[in-house]
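Asker: Structure below; questions to follow.
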């Protein structure tokens with residue numbers, strides 16, 4: 001065979017790693033793997049334990065139509081603010097109020113699911129992580145996976161006893177600012193990657209210069225569950241993104257990007273930052289450059305119509 005694709009080579013290397021060490025990643029910067037995402041079956045087992053709260057991250061209207069028995073609703077609207085740009089991180093005080101009224105304490109194990117390609121559950125997971133909550137899991141495949149595993153869907157809303165929740169200070173290490181992104185564009189660091197998690201069409205219509213495109217949908221199998229850790233490593237290493245690099249990711253408002261953040265974190269990546277202002281913030285400033293991959297050039301900024 002004259003040519004072996006990079007993907008096949010990486011697959012073989014990772015397979016050898018698994019067989020020889022039982023672990024996909026061997027770099028020193030990689031963290032623990034498989035600690036954030038769980039299967040529907042594992043989630044149902046976990047719900048039988050004390051100190052566990054099941055959180056439905058669907059829109060409130062969808063939650064009212066049907067949710068898992070015992071699940072409380074924390075929707076996207078509860079954890080984002082609309083200024084200065086859409087879907088930005090809520091302040092600490094709001095998170096304390098939302099979690100407290102949901103019966104969640106600092107010691108609660110939070111199990112999260114959604115019905116939206118793992119996006120909203122991942123965004124809630126990221127938000128809680130920013131404010132210091134570590135005991136949480138996201139259910140791979142969300143509501144449909146849980147129903148297929150035998151979970152019961154109801155419309156009754158459970159009674160909740162409010163508690164006091166004390167959030168930590170915002171962990172800015174998990175967040176990229178406009179200045180962080182501008183610095184990478186103006187003075188590129190080979191150890192930093194700008195990752196666009198939007199669609200090919202959005203990317204072609206304009207992106208932040210030097211960004212690599214990996215559509216967040218690539219993190220999922222066709223059934224809506226997250227891909228395996230090994231598959232995630234193959235996809236991102238193929239694009240030159242390994243755990244030693246700092247990854248600054250974004251989408252239109254960084255909801256989709258949070259899903260990618262979780263996929264990478266679960267795979268052992270730790271140098272991760274979510275650009276919370278995202279494409280909306282970047283494209284709203286006409287002084288900033290926009291790369292048009294379809295034309296292979298950088299032009300003056302324009303407003304994203306999508």
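The values are calculated or read from the model by the stated rules, or taken from the named source; none is laboratory data. Keep in mind the model is a prediction, meaning the values are calculated, not measured. Cβ atoms come from the backbone with ideal geometry, glycine included; neighbour counts cover every protein chain shown.
A quick yes/no check of all residues on (1) under 21 Å from residue 165 (Cβ atoms); (2) touching a helix residue (DSSP H, G or I) at 6+ places or on another chain (Cβ under 6 Å); (3) at pLDDT 95 or above:
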{"site": "99", "(1), (2), (3)": "yes, no, yes"}
{"site": "106", "(1), (2), (3)": "yes, no, yes"}
{"site": "117", "(1), (2), (3)": "no, no, yes"}
{"site": "134", "(1), (2), (3)": "yes, no, no"}
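Asker: For the range 52-112, list the helices (runs of 4 or more DSSP H) that sit wholly inside it and hold at least 3 residues that are under 18 Å from the mean Cα position of the chain (by Cα); which are they?
Answerer: 76-79
Asker: Please tell me if residue 153 is surrounded by fewer than 18 Cβ atoms within 10 Å (Cβ to Cβ) and in the same structural domain as residue 103 (by TED's automatic domain parsing).
Answerer: The answer is yes for residue 153.
Asker: Just give me the residues in the range 114-135 being crowded, with 20+ Cβ neighbours inside 10 Å and over 17 Å from residue 76 (Cα atoms), in sequence order.
Answerer: Matches in the range 114-135: 133 only.
Asker: In the set 151, 201, 167, which member is farther than 18 Å from residue 270 by Cα and part of a helix (DSSP H, G or I)?
Answerer: Result of the check over 151, 201, 167: 201.
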